[in-house]
Amino acid sequence: MVFAFIFLPKFLLSQDTFPNVGLKFDTRFDFTAKIPMQDSLSPLSSFDGKYLNIILEGEINDKFSYNYRQRLILDSKPGYHSFFNATDWLYLSYKINRNISISGGKQIVAIGGFEYDAAPIDVYLWSEFWNNVTCYQIGGTVNYKTTDEKHNIGFQITNSPFSTQTLQNIYSYNLIWYGNFDGFNSIYSLNRIEYEKGHYINYITLGNKFSFSNLSVEVDLMDRFSEHQKNLFADYSVISNLKYAVNSKIKLFVKAGYDENKAQEPTAMFIYDRYVEPGTEHFFYGAGVEYFPISNSKDVRLHAVWASNNDRLQYHTFNFGVRWQMNIIKK
């Protein structure tokens with residue numbers, strides 16, 4: 001596999017059938033220190049390689065395009081030890097006309113919200129839902145994009161994120177809208193997801209982004225509910241992320257969020273929400289700075305972040321790291 005990626009750039013550059021192609025490696029390394037807020041706990045720290053990704057995207061012709069992202073680090077989660085299971089996405093798109101396109105393959109499950117939409121390599125502190133959700137499944141999507149390219153509506157059917165084996169016959173039905181009103185952007189979705197055959201959990205997600213010159217404010221609202229719940233607003237998440245660009249090289253951010261699930265008792269035998277467990281009341285918060293040392297480039301980024309939460313074992317978490325992108329071929 002290593003040899004394939006060494007010779008791939010030369011092969012691609014020699015092919016007249018590839019009018020537009022990009023290939024890069026994307027990685028991040030961090031040092032994390034957790035300082036306890038309770039006397040009974042000990043400090044924790046380590047260096048850690050967070051991500052190592054290969055990203056390949058391009059066009060075969062004016063109708064067909066492809067997107068591929070592969071993680072090359074071992075993931076300890078069950079079922080993630082094969083090469084293909086570590087593939088975040090690998091799909092082929094076909095442009096029917098200027099407005100309509102279809103795609104099929106392994107894709108991001110179309111759930112709304114700006115935290116969910118961000119690349120994991122760009123997320124330093126997170127909600128309970130983000131931390132547990134399974135993002136990538138095989139399926140297909142139909143997209144409609146307006147002529148001015150400011151709005152995109154997609155309908156997607158994939159295997160359910162709760163699938164644990166092949167031929168399980170459970171699916172996810174997703175409707176998503178990406179909107180652009182200049183100073184306001186939206187990522188809204190309606191999702192109906194089977195967690196067992198004939199049993200569904202539903203999401204309504206409203207991702208909102210307000211932009212004012214160098215300042216942007218993201219506010220995500222997510223409600224999760226089953227038909228069996230008595231109160232439809234008992235299981236939800238609220239996340240806010242304020243970002244300020246001091247200049248072209250320095251960005252500051254403050255982020256906070258809250259996940260709550262009181263739809264069921266923690267001792268319930270049949271759980272509706274498998275990502276934010278019953279009884280959860282999780283509050284997290286933090287702030288950080290990003291620095292881009294190379295002028296007019298985002299290929300190298302340094303960061304420093306502080307975060308904490310209301311977990312039973314409480315820490316102040318400090319994270320310092322570097323992310324860099326190695327562009328083998330630029331589109």
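Structure data summary
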item	result
Scope region 200-220; condition under 24 Å from Glu265 (Cα atoms) and either touching a residue at least 60 places away in the same chain (Cβ under 8 Å) or in contact with a Lys or Arg (Cβ under 6 Å, 6 or more places away or on another chain) (or both); matching residues	Tyr200, Ile201, Asn202, Tyr203, Thr205
The listed residue being in contact with a helix residue (DSSP H, G or I) (Cβ under 9 Å, 6 or more places away or on another chain), modelled with pLDDT under 90 and not basic (Lys, Arg), out of Gly79, Gly113, Gly58	Gly79
Selection count where residues are crowded, with 20+ Cβ neighbours inside 10 Å and of a type outside the set (A, V, I, L, M, F, W, C), scope region 204-232	6
Residues that are within 30 Å of Ser213 (Cβ to Cβ) and either among the aromatic types (Phe, Trp, Tyr) or touching a residue at least 40 places away in the same chain (Cβ under 8 Å) (or both), drawn from region 227-243	Ser237, Ile239, Asn241
First in region 301-322 and modelled with pLDDT of 95 or more, second anywhere and among the aromatic types (Phe, Trp, Tyr) and outside any strand (DSSP E or B), Cβ under 6 Å, 6 or more apart	Arg301/Phe292; Val305/Tyr124
Evaluation of Phe162 against (1) hydrophobic (A, V, I, L, M, F, W, C); (2) within 14 Å of Ile108 (Cβ to Cβ); (3) not in a strand (DSSP E or B) (one fails), failing number	(2)
Of all residues making up region 20-73, the number that are more than 24 Å from the chain's Cα centre (by Cα) and polar (S, T, N, Q)	7
Residues located in region 105-152, provided they are assigned to a strand (DSSP E or B), closer than 17 Å to Asn53 by Cα and without any contact (Cβ under 8 Å) to a residue 40 or more places away in the chain	Lys106, Ile108
Verdict on Tyr272 being outside any strand (DSSP E or B) and touching a strand residue (DSSP E or B) at 6+ places or on another chain (Cβ under 6 Å)	yes
Residue in region 185-194 that is touching a Leu at 6+ places or on another chain (Cβ under 9 Å), more than 23 Å from Gln137 (Cβ to Cβ) and either assigned to a strand (DSSP E or B) or without any contact (Cβ under 8 Å) to a residue 12 or more places away in the chain (or both) present	yes
Answer from Ile100, Ile73 - the residue that is over 30 Å from Phe225 (Cα atoms), among the aliphatic types (A, V, I, L, M) and at pLDDT below 95	Ile73
Whichever residue in region 109-125 is buried (at least 19 other Cβ atoms within 10 Å of the Cβ) and touching a Phe, Trp or Tyr at 6+ places or on another chain (Cβ under 8 Å) and, among such residues, is farthest from Arg71 (Cα to Cα)	Gly112
Answer from Asp235, Asp259 - the residue that is buried (at least 20 other Cβ atoms within 10 Å of the Cβ) and either over 22 Å from Thr317 (Cβ atoms) or β-branched (Val, Ile, Thr) (or both)	Asp235
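The values are calculated or read from the model by the stated rules, or taken from the named source; none is laboratory data. Not measured: the values here are computed from a predicted model. FYI the Cβ positions are ideal-geometry reconstructions off the backbone, even for glycines, and counts take in every protein chain you see.
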